[in-house]
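Structure record follows, encoded as structure tokens.
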Amino acid sequence: MATPSAVGAACLLLARAAWPAAVGDRARPRRLQRVLRRRCVAELSREGPAPRPLPPALLAPPLVPGFLAPPAEPTGEPASTPPPVPDAGLGDLGLEPEGIAEGSIDNTVVVASEQDSEIVVGKEQARAKVTQSIVFVTGEASPYAKSGGLGDVCGSLPVALAARGHRVMVVMPRYLNGTSDKNYANAFYTEKHIRIPCFGGEHEVTFFHEYRDSVDWVFVDHPSYHRPGNLYGDKFGAFGDNQFRYTLLCYAACEAPLILELGGYIYGQNCMFVVNDWHASLVPVLLAAKYRPYGVYKDSRSILVIHNLAHQGVEPASTYPDLGLPPEWYGALEWVFPEWARRHALDKGEAVNFLKGAVVTADRIVTVSKGYSWEVTTAEGGQGLNELLSSRKSVLNGIVNGIDINDWNPATDKCIPCHYSVDDLSGKAKCKGALQKELGLPIRPDVPLIGFIGRLDYQKGIDLIQLIIPDLMREDVQFVMLGSGDPELEDWMRSTESIFKDKFRGWVGFSVPVSHRITAGCDILLMPSRFEPCGLNQLYAMQYGTVPVVHATGGLRDTVENFNPFGENGEQGTGWAFAPLTTENMLWTLRTAISTYREHKSSWEGLMKRGMSKDFTWDHAAEQYEQIFQWAFIDRPYVM
Ligand SMILES: Nc1ncnc2c1ncn2[C@@H]1O[C@H](COP(=O)(O)OP(=O)(O)O[C@H]2O[C@H](CO)[C@@H](O)[C@H](O)[C@H]2O)[C@@H](O)[C@H]1O
Ligand SMILES: OC[C@H]1O[C@H](O[C@H]2[C@H](O)[C@@H](O)[C@@H](O[C@H]3[C@H](O)[C@@H](O)[C@@H](O)O[C@@H]3CO)O[C@@H]2CO)[C@H](O)[C@@H](O)[C@@H]1O
């Protein structure tokens with residue numbers, strides 16, 4: 001069997017022999033590059049006797065595929081990338097193969113044609129024109145572990161891409177905290193382990209794997225992922241070793257495609273890394289600093305997906321040596337706090353910033369809505385990274401998230417008591433009654449029931465809800481809030497419930513089934529977020545005929561169309577998007593929604609039905625991601 005290390009070494013040797021002066025030199029003729037790649041692929045897929053262990057010289061510096069893994073035991077099975085496939089033309093982009101950067105053609109695994117289409121739930125499943133090996137790296141993915149919208153997206157976008165024909169792996173931690181453990185029950189130990197050189201030692205991580213919904217779910221296992229609390233912290237705040245935990249994740253994610261034989265084949269060196277938020281942001285830095293200079297992953301690309309610029313993974317500059325990166329790469333992560341944010345006169349504000357590292361080194365950047373892709377380039381929305389993000393505008397795009405309609409569909413939802421659809425809304429009224437009963441509120445079909453679901457965080461504008469509650473509670477309404485996070489806000493929810501017993505419920509905690517029942521049972525969903533990169537709850541609400549009232553920011557502005565009773569073709573819109581974000585504005589808009597609900601029943605039904613008829617499935621977004629993948633492969637990869 002050709003071990004991954006041997007394969008990598010073979011590639012390296014072939015490359016060095018053919019172009020000794022400059023491995024990775026972009027001036028190298030493309031034809032030769034292709035020949036080299038084919039020879040490497042031939043090495044990768046050759047069946048034969050187990051190679052001898054690599055000479056130590058090849059492992060120092062240890063930058064061949066699988067360099068962190070001990071030599072594999074020969075199994076007699078071939079470890080290779082999937083069988084070679086024909087070159088794909090990028091006809092859609094109007095480009096000839098010669099105009100495409102290295103890697104873009106050989107990265108293609110399968111070319112699907114119209115005839116490849118499958119029938120999925122009565123609808124033709126669209127297939128990608130060019131398929132890739134895609135590696136998602138994330139701190140969370142539903143249903144394994146979720147703290148918010150990042151988990152939803154990383155649990156469903158990979159499945160959507162796999163359904164379109166891509167080979168998809170998701171790499172995330174194997175969190176064991178007493179409550180989520182059962183979610184990993186079908187993930188099995190791969191017998192692969194690596195030792196990661198960082199934080200003053202070598203740290204062994206192992207890999208677990210589950211193949212589900214045509215996706216390879218890979219779970220990185222390490223004791224630091226096994227502790228009570230939520231994913232990133234506990235009641236005392238964020239875990240103090242998060243930088244360490246996600247450094248391990250990033251190293252492991254770089255190794256996984258090289259060493260894990262999933263379904264009999266490794267993913268290999270031609271991957272599209274999709275790195276999500278700061279937890280995964282070291283991946284493009286590692287690719288550029290520790291792999292590409294040695295000829296590994298030259299044909300891979302990386303995309304940073306920013307779900308929330310508020311979390312950047314910033315730690316003191318003194319931690320840089322812990323990361324195991326070469327000293328000359330400090331600049332990529334270097335971050336200096338503005339003076340106003342420093343703690344004392346002698347504080348120089350020097351820090352390392354994981355997300356910044358990816359903004360610098362990723363080949364392309366995607367935000368989760370178009371509106372947010374502009375906001376992050378402004379001083380108001382850029383959270384200190386606006387100038388840097390502006391400098392990368394040419395590779396910055398926004399793609400609005402989709403939703404998983406297998407999970408979020410009022411016609412089939414397992415968490416709600418009655419089902420309904422745009423053609424028969426009667427079940428929604430029953431869901432409302434059942435929710436009122438469950439919460440111990442008066443069961444009144446006529447009263448407008450307003451909901452809020454979300455992390456109790458400054459981002460979500462809960463302090464503004466606090467300010468309007470006394471006025472809102474004077475109206476004949478009911479209000480239910482589901483959330484967890486800031487302990488002060490949790491206490492406020494509890495005390496508000498005790499004051500307005502017949503009108504207000506504060507459900508403190510994290511419960512996915514309850515979030516479904518609130519989405520289905522409410523008439524109105526309130527989202528006064530200060531900023532919202534995309535927002536999923538307003539999409540779920542519209543899908544469930546619950547009318548959103550949102551602050552017109554980021555993805556909320558992109559997805560909620562303001563109600564217009566005098567549109568050209570009659571009434572238009574799916575909700576209310578107000579701005580600026582003031583308590584007066586929010587209260588005024590809520591009152592408008594409430595009176596529409598009470599006094600204009602047919603307009604209300606129109607609002608519900610237009611929302612329910614919108615297509616929020618992932619397919620459209622997945623297609624846009626594919627376009628970004630193609631652009632990424634046209635450009636050269638990042639090198640210092
Ligand atoms: N207490 C609770 N119980 C049960 N479920 C709860 C819950 N609190 C929150 N949730 C769930 O968590 C998800 C929240 O998703 P959002 O996209 O609205 O916000 P979030 O800020 O977490 O995500 C970030 O990433 C996503 C994904 O890109 C962006 O849409 C968003 O703008 C960005 O801030 C929803 O599925 C919601 O139902
Ligand atoms: O899916 C929900 C969000 O999950 C992520 O945000 C988490 C963030 O990445 C973690 O670092 C942590 O944030 C803590 C932060 O680091 C710390 O300085 C302090 O401000 O407390 C924060 C809360 O503990 O938890 C976040 C989730 O609460 C993801 O990055 C976001 O995009 C998602 O919106």
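The values are calculated or read from the model by the stated rules, or taken from the named source; none is laboratory data. Keep in mind that this is a model prediction, so the values were computed, not measured. Positions of Cβ are backbone-derived with ideal geometry, glycine not excepted, and every protein chain shown enters the neighbour counts. Surface areas here come from the heavy atoms of the whole protein model, side chains and all, with no ligands, DNA or RNA. Shrake-Rupley method; radii C 1.70, N 1.55, O 1.52, S 1.80 Å.
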Between ARG343, ARG455, which is among the basic types (Lys, Arg) and part of a loop (DSSP other than H, G, I, E, B)?
ARG343
Considering every residue within segment 289-308, establish whether at least one is open to solvent by 30 Å² or more (accessible area, probe 1.4 Å), within 16 Å of ligand 1 (Cβ to nearest atom) and within 22 Å of the chain's Cα centre (by Cα).
no
Kindly evaluate ASP523 against the criterion of being more than 16 Å from ligand 2 (Cβ to nearest atom) and free of Cβ contacts under 8 Å to residues at least 12 places away in the same chain.
no
Restricting the first residue to segment 500-513 and requiring it to be among the basic types (Lys, Arg), which pairs with a second residue that is more than 8 Å from ligand 1 (Cβ to nearest atom) meet a Cβ separation below 7 Å and a spacing of at least six or different chains?
LYS503/MET473; LYS503/VAL477; LYS503/GLN478; LYS503/PHE479; ARG505/LEU439; ARG505/LEU441; ARG505/VAL480; ARG505/GLU497
Mind telling me which of the residues ALA411, ALA434 ends up being more than 22 Å from THR592 (Cβ to Cβ), open to solvent by 20 Å² or more (accessible area, probe 1.4 Å) and not in a loop (DSSP other than H, G, I, E, B)?
ALA434
Where a residue in segment 439-450 is over 11 Å from CYS522 (Cα atoms) and outside the structural domain of LYS503 (by the TED database) and its partner, wherever it lies, is open to solvent by less than 70 Å² (accessible area, probe 1.4 Å) and of a type outside the set (Val, Ile, Thr), with Cβ under 8 Å and at least six apart:
none
Quick one: which helices (runs of 4 or more DSSP H) sit completely within segment 523-640 and have at least 3 residues that are over 30 Å from ARG167 (Cα atoms) and not hydrophobic (A, V, I, L, M, F, W, C)?
554-559, 583-599, 601-613
The condition of being under 25 Å from the mean Cα position of the chain (by Cα) and either open to solvent by 30 Å² or more (accessible area, probe 1.4 Å) or near ligand 1 (Cβ under 9 Å from one of its atoms) (or both) holds, among VAL514, VAL560, only for VAL514
Which residue pairs have Cβ atoms closer than 8 Å, lie 6 or more positions apart in sequence or on different chains, and pair a first residue in segment 135-162 that is without any contact (Cβ under 8 Å) to a residue 40 or more places away in the chain and in a helix (DSSP H, G or I) with a second residue that is open to solvent by less than 10 Å² (accessible area, probe 1.4 Å) and more than 9 Å from ligand 2 (Cβ to nearest atom)?
GLY151/ALA141; GLY151/ALA145
Would you be able to say whether some residue in segment 554-574 is under 30 Å from ALA362 (Cβ atoms), more than 16 Å from ligand 2 (Cβ to nearest atom) and touching a Lys or Arg at 6+ places or on another chain (Cβ under 8 Å)?
yes
Yes or no: segment 301-308 includes at least one residue that is charged (D, E, K, R) and at pLDDT below 95.
no
GLY349 fails exactly one of the following numbered conditions: (1) at pLDDT below 95; (2) touching a strand residue (DSSP E or B) at 6+ places or on another chain (Cβ under 8 Å); (3) open to solvent by 30 Å² or more (accessible area, probe 1.4 Å). What is the number of that condition?
(3)
Only one of these conditions is not met by GLY402: (1) open to solvent by 20 Å² or more (accessible area, probe 1.4 Å); (2) closer than 27 Å to TRP507 by Cα. Which number is it?
(1)
Find the residue count for segment 459-489, including only residues that are open to solvent by 50 Å² or more (accessible area, probe 1.4 Å), more than 13 Å from ligand 2 (Cβ to nearest atom) and part of a helix (DSSP H, G or I).
6
Filter result for the condition that a residue is in contact (Cβ under 8 Å) with a residue 60 or more places away in the chain, within 16 Å of ligand 1 (Cβ to nearest atom), of a type in the set (Phe, Trp, Tyr) and open to solvent by less than 60 Å² (accessible area, probe 1.4 Å), over TYR246, TYR251, TYR232
TYR232
Residue satisfying all of: in segment 437-458; surrounded by 16 or more Cβ atoms within 10 Å (Cβ to Cβ) and over 13 Å from TRP507 (Cα atoms); nearest to ligand 1 (Cβ to nearest atom) among these
ASP457
